Amino acid sequence: MTNQLTIAVPKGYLLKETIKRFEAIGIHFPSDFEESRRLFTYDTSETYKLLTVRPWDVPAYVEQGAADLGIVGKDVLLEQEPDVYTLKDLKFGGCKLVIAGLKTQSIQTLKHHCKVVTKYPQSTTKYFEKIGKKVKIIKLYGAIELGPLTGLSDIICDLTATGKTLKEHQLIELDTVFESTAQLIANPIGMKVHYKQISDINSKI
């Protein structure tokens, strides 16, 4: 279909609420899709194609035009700075990027060139540049909380929603880098081609 709209959405904790939002505005996807291993599906009218991809990959699909619309956390957008339109803060999936460390630490007492483990090197660099501290950033893809406990790093910069995981690893929040919620994004060209459809979704979702 020439007017078919492709939407990239993230796997994981944002997916369930994303599907609910589409259902609420009359876009219905197969009821078993969330539990299936399929990576794409169509709504019942076959007007919308839904791609489920890793959260960090959503901006690439939208920026490169493989998807016209996307839903992704603000944390990913701030880290990657993709060339996309951010249409709306959807106000769900709330969490925050924080600097965390052991209970004996504070931002004020951190030494220059201390080591920071993170999945967010760009955002971490900007934060420490802003407060005038030089740090060594070590990029990891998981188990960030182990950094200070194993001697790999002095502190961490990671995403948290409740603080429970930090507490379980005897870490405390030292500062907040930024807060994050789900965002609706669009490809600039796709926005022109599907302006009416995208505007309709943007006004209702």
Legend entry - Loop GluC sites (Glu not before Pro), the range 41-150, which have at most 15 other Cβ atoms in a 10 Å radius of their Cβ (DSSP): E46
Legend entry - Most mobile listed residue (G151, G163, G73) in the chain, GNM with C-alpha springs under 10 Å: G151
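Which of rounded, prolate or oblate describes the range 95-179 when judged by the alpha-carbon gyration tensor and an a/c cut-off of 1.5? Spell out each step's value before the answer.
Details: a/c = 1.33, a/b = 1.22, b/c = 1.09.
Cα axes put the range 95-179 in the rounded bin.
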Inset, instruction - Could you please rank D83, D154, placing first whichever residue has the fewest other Cβ atoms within 10 Å of its Cβ? - result: D83, D154
Legend entry - Neighbour cut-off at most 12 other Cβ (10 Å), DSSP loop, trypsin sites (Lys or Arg not before Pro), the range 1-106: R37, R38, K91, K103
Legend entry - Among the listed pairs K91/K164; K91/K136; K16/K126; K119/K204; K96/K126; K11/K96, those beyond 24 Å (Cα-Cα): K91/K136; K16/K126; K119/K204
Inset, instruction - Just tell me which aspartates and glutamates come within less than 19 Å, Cα to Cα, of K74; anything on the same chain fewer than 8 places away is out. - result: E17, D57, E63, D83, D89, D158, D175, E179
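Among the trypsin sites (Lys or Arg not before Pro) in the range 105-160, which ones are in a DSSP loop with at most 13 other Cβ atoms within 10 Å of the Cβ? Mind listing them?
In loop regions of the range 105-160 (DSSP not H, G, I, E or B), the sparsely surrounded trypsin sites (Lys or Arg not before Pro) are K111, K134.
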Inset, instruction - State, to one decimal in nm, how far the label point of N202 lies from the label point of Q108, with both points 7 Å from Cα in the Cβ direction. - result: 4.5 nm
Legend entry - the range 102-190, relative contact order [Cα under 8 Å, separation at least 6], %: 32 percent
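Need the full-extension length gain, D32 to D83, defined as separation in residues times 0.36 nm minus the C-alpha distance. One decimal, nm.
15.0 nm
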Legend entry - Partner aspartates and glutamates for K49 [C-alpha distance under 12 Å; skip if fewer than 8 residues away on the same chain]: D68
Inset, instruction - Tell me the label-point distance for the pair K16, I172, using the 7 Å Cα-to-Cβ offset, in nm and rounded to one decimal. - result: 3.2 nm
Legend entry - Rg to Rh, two decimals, where the range 1-151 supplies the alpha carbon set and Rh follows Kirkwood: 1.07
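Read the figures in this text as sums done on the coordinates, not as results from a lab. What you see is a predicted model; the values in this text were computed from it and never measured. Positions of Cβ are backbone-derived with ideal geometry, glycine not excepted, and every protein chain shown enters the neighbour counts.
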